[in-house]
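What follows is one structure encoded as structure tokens, with my remarks underneath.
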Amino acid sequence: MEGALVAAAVLVAATVFGLIRRRRDGVLRARGGDGDVSETLGSGDLGAELGEKATLVQFSSAFCAPCRATRRVLDEVATMLDGVAHVELDAEDHLDLVRRLNVLRTPTVLVLDGAGRIVRRAAGQPRRADVIAALGTAIT
Amino acid sequence: MQVDPRGQRFAAAVTTVILLAVLVNGNGVLLAAQALVFAMATFFGLRFAPYGLVYRLLVRPRLGPPGELEDAGPPRFAQGVGLAFTLVGTVGYGSGITWLGIGATAFALGAAFLNAVFGFCLGCEMYVLIRRITAKIRSDREVPA
């Protein structure tokens, strides 16, 4: 009897979780409200040069199905727009950075402005139009 | 190796039904059978996993070819996570620690359900978290000379 109750509770909880996750997945959000100074990343942190105008940073991992599709989207956008770089980091090789930024999932995508400040962040695969819109706020 | 992602969804749906039956009936033997299925997928690959075979022989011929293939690494890793939980659950039911059996099965059920209904791979998502924790433990142990 208690097994059946637990089963019902799990299905309800998983449905709620799945619906919320589906709505939030890949949505690029502005970081740090309340005048919070947002984190700044440099080429030393990334092991790669920042883009002149903006940088798309992607954290990936070995066991991540949406990472490949995310790479395709970000590569395409970075190729299309001048001065925008795409840097993909393996989360396992950058665990210090992963902890510092509290990356919980892969892919996690950061949008940096020309100075390396994090202006947007998404967990999950972002949509192409959203990435372009986020770059609009990063560049101006 | 590439696999048909719909095969994963199918396998997750079958797993969901099996784990529901385990919980409702408190059936540790059925849970052990599911652990064996997870073990086969983990060690021999998804193509040779029982539910994958059923999908290939019975379901896929009725569907068109897949629109996109997916890397087998992430779902195979997730099958390993499922194996760990179902083994703990089997030990729980087998040794009379029923709450352990129910708890571990409940977690595996949640993961299988999310995969079947939403295509969300909870086991895959755990990889980075597990690595964050294990790497921390290792670096804490390494005392600088």
Item checked: Amide H partners (placed H, <5 Å) of A:E88, local residues excluded -> A:Q58
Margin query: Can you compute the modelled spin-label distance between A:R71 and B:I130, with each label point 7 Å from Cα toward Cβ, in nm?
Written below: 2.1 nm
Next item on the list: Go through A:L97, B:Q79, A:S43 and say which Cα lies farthest out towards the positive end of the charge dipole of the protein assembly as shown; charges sit on Cβ, +1 for Lys and Arg, -1 for Asp and Glu.
Entry: B:Q79
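Would you tell me the mean number of C-beta atoms belonging to other protein chains that fall within 10 Å of each C-beta in A:65-71, as a whole number? Before the final figure, lay out each step's value.
Working: counts 13, 6, 3, 2, 2, 0, 0.
If you average over the peptide's residues, the count of other-chain Cβ atoms is 4.
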Checklist line | Cut-off 11 Å between beta-carbons: net charge of the residues surrounding A:A54, Lys and Arg +1, Asp and Glu -1 | finding: 0
Checklist line | Local electrostatic count at A:R23 - Lys and Arg +1, Asp and Glu -1, tallied over other residues with Cβ under 14 Å | finding: +3
Checklist line | DSSP loop GluC sites (Glu not before Pro) with at most 14 other Cβ within 10 Å excluded, longest remaining stretch of chain A | finding: A:53-140
Notebook entry, point to check: When the dipole is taken about the Cα centre of region B:2-141, and only Lys, Arg (+1) and Asp, Glu (-1) are charged at their Cβ, what size is it in debye, to the nearest 20?
Noted result: 180 debye
Item checked: Extended-chain gain in nm, criterion 0.36 nm per residue less alpha-carbon gap, B:L58 and B:W99 -> 11.1 nm
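Okay, helix-only estimate at 222 nm for the protein assembly as shown: each DSSP H run of n ≥ 4 adds -39500 (n - 2.57), divide by all residues, round to 500 deg cm²/dmol; what do you get?
Values: 11 runs with 166 residues, N = 285.
Roughly -19000 deg cm²/dmol at 222 nm, from the helical runs in the protein assembly as shown.
Take A:I132, A:I139, B:I133 and order them by how many other Cβ atoms sit within 10 Å, fewest up front. Please list the in-between numbers first.
On the way: A:I132 14, A:I139 17, B:I133 10.
Ranking A:I132, A:I139, B:I133 by Cβ neighbours within 10 Å, fewest first, gives B:I133, A:I132, A:I139.
With the cut-off at 1.5 for a/c, could you classify region B:37-145 from its C-alpha gyration tensor as rounded, prolate or oblate?
oblate
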Next item on the list: Work through the residues other than A:L41 whose Cβ is under 11 Å from its Cβ and net out their charges, Lys, Arg +1 and Asp, Glu -1.
Entry: -1
Next item on the list: Please determine, in degrees from 0 to 90 and to the nearest 10, the orientation of helix A:2-24 with respect to the longest principal axis defined by the Cα atoms of chain A, where the helix direction is its Cα long axis.
Entry: 20 degrees
Item checked: Kyte-Doolittle mean at least 1.0, axial Cα span of 20 Å or more - DSSP H helices of chain B -> B:5-25, B:28-44, B:98-118
Check: For region A:27-139, rounded, prolate or oblate, judged on the Cα gyration tensor with a ≥ b ≥ c (square roots of eigenvalues), a/c < 1.5 rounded, else prolate if a/b > b/c?
Finding: rounded
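Fewest to most neighbouring Cβ within 10 Å: what's the order for A:D25, A:D93?
Numbers: A:D25 17, A:D93 11.
Fewest to most other Cβ atoms nearby, the residues stand as A:D93, A:D25.
Averaged over peptide A:6-18, how many Cβ atoms belonging to another chain are found within 10 Å of each residue's Cβ? Can you show the working numbers first?
Numbers: counts 8, 11, 3, 2, 13, 7, 0, 3, 14, 5, 0, 6, 9.
Neighbouring Cβ atoms belonging to other protein chains average 6 per residue here.
Read-outs throughout are calculated quantities, based only on the coordinates presented, and are distinct from any laboratory measurement. Everything quoted here is computed from the prediction, not taken from an experiment. Methodologically, a virtual Cβ is constructed for each residue, glycine included, from the backbone with ideal geometry; neighbour enumeration extends over all protein chains shown.
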